[in-house]
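Read through the structure below, which is laid out as structure tokens, and then see the notes.
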Amino acid sequence: MRNKASPGEYLAFLSIKYEVDSGELFYALISAEEKQKARCGNLSIECRGKTQDKAIFLIMNDSRVVAQFPVSEEFLLERGNPIKDFMKTDMIRRHLVKKSRGSRSLPIGDLRTGMSHVNLKAKVLEIPRPKLVVTRFGNYASVANALIADETGTIKLCLWNEQINSISIGDTIQIENARTSTFRGERQVRIGKKGTLSNIEDLGSQPEEGHSS
């Protein structure tokens, strides 16, 4: 782990790099602390020991060591998912910029229902007032179907909870690893747990690494 990155920031980086949900990663850490081992997507997590106020975690991808680093008990005891608070740091933005430059975006006009691993770049035209719904797990969640467009057409983008406030009308966004579906006769892009949504204008405004003004 880079010395400059905090554990929370590095965990956010790992969740994006290895395409695992940040909330699931956080709860896997808690589970590993209690039961010694846990899995999160393609990552295995092992608690290697504890000090008075920290737990040492070893994270592996298959048989390859990804990292070993301490996480404070204070961080692990936070309510909700503290990893998501680090999703907009410079380290994450730089990684997303690099990832978006290396990915091929599909035109909206070429999208068909049932496609997966969809990457696209689009402009946000509308974000309706969120609706409160009950999920299949019995939890309440906010959902809004935004309208996005490129030069080839428009499509609805299904946004959940904190995703709704992460973008604004007029933003140009980059979507990675999404899937397409149909809801009530309309095509939709769904980001899902393994997808990412980022604001290209925010990413582009970040200074390049090593650049000084």
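The values are calculated or read from the model by the stated rules, or taken from the named source; none is laboratory data. Model, not experiment: these values are computed from the prediction. Using ideal geometry, Cβ is built from the backbone for each residue, glycine included, and neighbour counts are taken over all protein chains shown.
Here are a few things to note about the model shown:
- Of the residues making up segment 10-62, those that are in a helix (DSSP H, G or I) and either closer than 27 Å to Lys88 by Cβ or of a type in the set (Ser, Thr, Tyr) (or both) number 20.
- Residue check, Asn145 out of contact with any Asp or Glu (no Cβ under 7 Å at 6 or more places or on another chain), surrounded by fewer than 17 Cβ atoms within 10 Å (Cβ to Cβ) and either under 10 Å from Ile127 (Cβ atoms) or aromatic (Phe, Trp, Tyr) (or both): no
- Output for segment 179-213, where each listed residue is modelled with pLDDT of 75 or more and farther than 20 Å from Phe13 by Cβ: Arg179, Thr180, Ser181, Thr182, Phe183, Arg184, Gly185, Glu186, Arg187, Gln188, Val189, Arg190
- Test: residue in segment 69-92 that is modelled with pLDDT of 85 or more, out of contact with any helix residue (DSSP H, G or I) (no Cβ under 9 Å at 6 or more places or on another chain), crowded, with 16+ Cβ neighbours inside 10 Å and not in a strand (DSSP E or B): no
- Residue in segment 37-44 that is touching a residue at least 40 places away in the same chain (Cβ under 8 Å) and surrounded by fewer than 16 Cβ atoms within 10 Å (Cβ to Cβ) present: no
- Yes/no for Ser100 being buried (at least 18 other Cβ atoms within 10 Å of the Cβ), closer than 29 Å to Pro7 by Cα and either among the hydroxyl-bearing types (Ser, Thr, Tyr) or modelled with pLDDT of 90 or more (or both): yes
- Within segment 139-156, residues that are at positive phi sit with their Cβ atoms under 6 Å from residues that are surrounded by fewer than 16 Cβ atoms within 10 Å (Cβ to Cβ) and not polar (S, T, N, Q), at 6+ positions apart or across chains, in these pairs: Gly153/Gly109.
- Unmet requirement for Glu151, which otherwise passes all of (1) at pLDDT 90 or above; (2) under 19 Å from Gly195 (Cβ atoms): (2)
- Arg129, sole failed condition from (1) within 17 Å of Ile191 (Cα to Cα); (2) in a loop (DSSP other than H, G, I, E, B): (1)
- Arg112 passes every criterion in (1) under 22 Å from the mean Cα position of the chain (by Cα); (2) farther than 19 Å from Tyr18 by Cβ; (3) exposed (fewer than 11 other Cβ atoms within 10 Å of the Cβ) apart from (1).
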